[in-house]
Amino acid sequence: MVERYVDMLGMDETIQLLQANDTPLPVTIRTNTLKITPKTLQKRLTSKGFELTPVEGLPIAFEVAGGDYSVGATHEYLFGYYFVQGVASMVPVEVLDPHAGEVVVDMCASPGGKTTHAAQNMNNKGRLYALELNPDRMAALTANIARCGVRNGLVLNIDAKEFPSFGTKVDKVLLDAPCTGEGTIRADPTRKHSRELEDVMFMSATQKDLLAAAVQIVKQGGEIVYSTCAVAPEENEMVVQWALEQFPTLSVVETPRILDARPGVGENPDLQKALRFYPHVHNTEGFFVCKLQKRVSDPRELSRKTSPRRANRNRGR
Ligand SMILES: C[S@@+](CC[C@H](N)C(=O)[O-])C[C@H]1O[C@@H](n2cnc3c(N)ncnc32)[C@H](O)[C@@H]1O
């Protein structure tokens with residue numbers, strides 16, 4: 001597995017990555033703006049002995065230190081004032097940019113970090129489908145949705161690949177795909193030895209199937225964010241490249257380089273519009289985020305389809 005990192009990053013950076021994987025991940029939280037402002041949250045947690053440092057470039061995020069107990073064990077946590085979440089994992093929803101009034105699908109939702117984030121950016125208005133295949137992961141998803149005060153969510157315990165058969169076309173789709181989780185070794189060191197190349201290839205096939213379903217779900221002119229906490233190009237750029245070849249109306253969308261993200265890797269210059277986060281560069285989990293749009297062939301059709309949504313978005317602000 002490590003040889004593949006060397007191909008992608010070179011020897012020096014691979015060593016830095018492996019060393020960073022052996023250091024603990026900073027504890028970070030995302031303010032739930034449905035319930036509290038970042039400023040008030042900072043004041044409340046500071047009064048309990050925690051030190052909160054704002055994360056530059058993500059006004060809803062804080063790095064947390066200190067405290068006599070875990071930041072997941074406060075009253076404020078139970079009230080749903082925040083979500084304990086890595087900063088790179090906050091980027092997909094920022095890039096998806098869901099707005100009040102839109103119809104959004106979170107295809108792989110549990111435990112709900114990104115569903116609850118999307119709901120707050122939508123100000124609880126519009127429709128947010130949260131799909132999850134694994135019945136054992138439903139309790140965490142529904143508990144987080146309730147804790148965070150999400151009221152525009154519809155939770156379905158289904159295989160996301162079944163959603164296209166419902167016939168619902170949506171504005172935006174988040175596919176935070178199941179993956180080998182190589183990027184999460186800092187939080188879960190067992191991942192260091194428990195994944196083989198075979199797993200990477202298996203996940204890559206699953207990710208392609210899910211991305212194909214996302215393309216079917218999204219309406220023309222709509223957007224998809226594909227993200228993983230994997231490092232391997234086979235689970236990231238190569239999945240997107242496959243989708244670009246399969247679906248000619250799909251294109252990669254340029255997005256702001258949140259948190260100084262690095263570009264995607266590979267030969268296709270379009271894939272450099274994707275965002276990559278590395279433990280040794282960004283002091284985060286390893287993460288990949290890529291925004292896609294399903295174009296329509298006639299651009300006049302696109303403006304007709306998006307204008308009511310834009311009007312709606314303005315009302316929601
Ligand atoms: C990376 S985790 C999602 C994390 C979540 N987005 C968050 O931010 O809290 C991937 C999830 O996808 C679920 N999953 C895997 N295959 C799926 C499928 N075909 N349809 C729906 N969910 C699926 C897994 O059970 C797992 O809960």
| said: All but one of (1) within 12 Å of the chain's Cα centre (by Cα); (2) more than 9 Å from the ligand (Cβ to nearest atom) hold for H75; state the number of the condition that does not hold. | reply: (1)
| Considering region 33-64 alone, what residues qualify as being over 24 Å from the mean Cα position of the chain (by Cα) and not in a helix (DSSP H, G or I)? | K48, G49, F50, E51
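Residue-by-condition table, conditions (1) more than 9 Å from the ligand (Cβ to nearest atom); (2) free of Cβ contacts under 8 Å to residues at least 40 places away in the same chain; (3) not in a helix (DSSP H, G or I):
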{"site": "V173", "(1), (2), (3)": "yes, no, yes"}
{"site": "C179", "(1), (2), (3)": "no, no, yes"}
{"site": "Q216", "(1), (2), (3)": "yes, no, no"}
{"site": "Q220", "(1), (2), (3)": "yes, no, yes"}
{"site": "E234", "(1), (2), (3)": "yes, yes, no"}
| request: Would you check which residues across region 79-103 are open to solvent by less than 10 Å² (accessible area, probe 1.4 Å) and free of Cβ contacts under 8 Å to residues at least 60 places away in the same chain and list them? | output: Y82
| task | Filter region 104-152 down to residues that are crowded, with 19+ Cβ neighbours inside 10 Å, in a helix (DSSP H, G or I) and of a type in the set (A, V, I, L, M) and give me whichever is nearest to the chain's Cα centre (by Cα). | result | A118
| query | Can you name the residue in region 93-103 that is closer than 11 Å to K172 by Cβ and part of a helix (DSSP H, G or I) and, of all such residues, is farthest from the ligand (Cβ to nearest atom)? | reply | V95
| task | Run Q19 past the list (1) more than 22 Å from A143 (Cα to Cα); (2) touching a helix residue (DSSP H, G or I) at 6+ places or on another chain (Cβ under 8 Å); (3) in a loop (DSSP other than H, G, I, E, B) and report the number of the one that doesn't hold. | result | (3)
| query | Is it true that some residue in region 71-78 is touching a residue at least 24 places away in the same chain (Cβ under 8 Å) and among the polar types (S, T, N, Q)? | reply | yes
| Could you list, in sequence order, the residues of region 261-278 that are touching a strand residue (DSSP E or B) at 6+ places or on another chain (Cβ under 9 Å) and either over 13 Å from F288 (Cβ atoms) or not basic (K, R) (or both)? | A261, P263, G264, V265, N268, D270, L271, Q272, A274, L275, F277, Y278
| message | Which of the numbered conditions does L211 fail, given that it passes all the others? Conditions: (1) more than 9 Å from the ligand (Cβ to nearest atom); (2) at pLDDT 95 or above; (3) out of contact with any strand residue (DSSP E or B) (no Cβ under 7 Å at 6 or more places or on another chain). | response | (3)
| query | Out of (1) part of a helix (DSSP H, G or I); (2) in contact (Cβ under 8 Å) with a residue 24 or more places away in the chain; (3) more than 10 Å from the ligand (Cβ to nearest atom), the odd one out for K161 is which? | reply | (3)
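Residues are listed down the side, and each one gets a yes or a no for (1) within 15 Å of the ligand (Cβ to nearest atom); (2) crowded, with 17+ Cβ neighbours inside 10 Å; (3) modelled with pLDDT of 95 or more; (4) assigned to a strand (DSSP E or B):
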| position | (1), (2), (3), (4) |
| --- | --- |
| G183 | yes, yes, no, no |
| M201 | no, no, no, no |
| T206 | yes, no, yes, no |
| I224 | yes, yes, yes, yes |
| V231 | yes, yes, no, no |
| E254 | no, no, yes, no |
| D270 | no, yes, yes, no |
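The values are calculated or read from the model by the stated rules, or taken from the named source; none is laboratory data. Computed from a predicted model, the values in this text were never measured in an experiment. In this analysis, Cβ positions are derived from the backbone assuming ideal geometry, glycine residues included, and neighbour counts consider all displayed protein chains. Each accessible area value is taken on the protein alone, full model and side chains, heavy atoms only, with ligands, DNA and RNA left out. Shrake-Rupley method; radii C 1.70, N 1.55, O 1.52, S 1.80 Å.
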